[in-house]
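Some notes on the structure that comes next.
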Amino acid sequence: MTRPSIHGLLTALLVVAVQASGWAQVADFSGTWVFDPTKSNGEPTVPRIFNTSGVKPTSLNLVIKQTPTELSVGIGDVQLLYKLDGTEANISAAGRAGFPVGKTTWNGGRLVIALTQEVFDAAKGDYVKVKGQEIYLLDRGVLTVEKMQTLLDGTTQTRKLVYTKTNAS
């Protein structure tokens with residue numbers, strides 16, 4: 001019987017450590033999440049075509065399904081889809097024109113979504129691109145979604161939305 005070399009064992013341990021650090025970085029947001037207004041700053045909104053501030057959804061709760069390549073977020077009657085491979089794509093699951101385009105990155109256990117939306121600015125008489133960002137963070141069964149949106153007047157609107165997971169997921 002041959003014994004593994006120290007170099008072989010160290011290489012194997014290094015591979016496991018690198019893989020484990022990559023796995024620890026990706027949170028699974030899947031589930032049904034109930035909005036908690038007492039811990040939140042603001043209310044959820046959903047994107048609307050050419051509207052940077054969005055509108056109130058038919059339900060404030062989230063239904064999230066996550067695969068290795070996509071994060072599907074249902075809020076009321078709106079279905080949003082984020083590509084998890086870092087490619088930029090329209091976030092409307094139906095591919096509706098005028099919705100923001102999103103690009104995701106992982107930062108530790110946080111999912112960071114950079115958003116860009118083209119909106120008509122009547123004051124300028126032209127279309128402008130406005131930026132936004134969403135950060136999803138899961139900590140001890142609580143989902144926090146931080147949303148930053150630039151409005152047409154150049155101001156930034158920030159909301160912290162807190163959700164708890166239901167057993168129905």
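Before moving on, here are some points about what is shown:
- Of the trypsin sites (Lys or Arg not before Pro) found in the range 99-169, those that fall in a DSSP loop while having at most 12 other beta-carbon atoms within 10 Å are Lys124, Arg140.
- Per the Debye formula on identical point scatterers at the alpha carbon atoms of the range 27-165, with no solvent, log10 I(q)/I(0) at q = 0.08, 0.22 Å⁻¹ is -0.20, -1.56.
- In this structure, Arg48 and Asp126 have a Cβ-Cβ separation that, at R0 = 30 Å, corresponds to a calculated FRET efficiency of about 0.95.
FYI, it's all coordinate maths here, none of it is from the lab. Predicted, not measured: the structure shown is a model, and the values here were computed from it. Note that each Cβ is placed from the backbone with ideal geometry, even for glycine, and that neighbours are counted across all protein chains shown.
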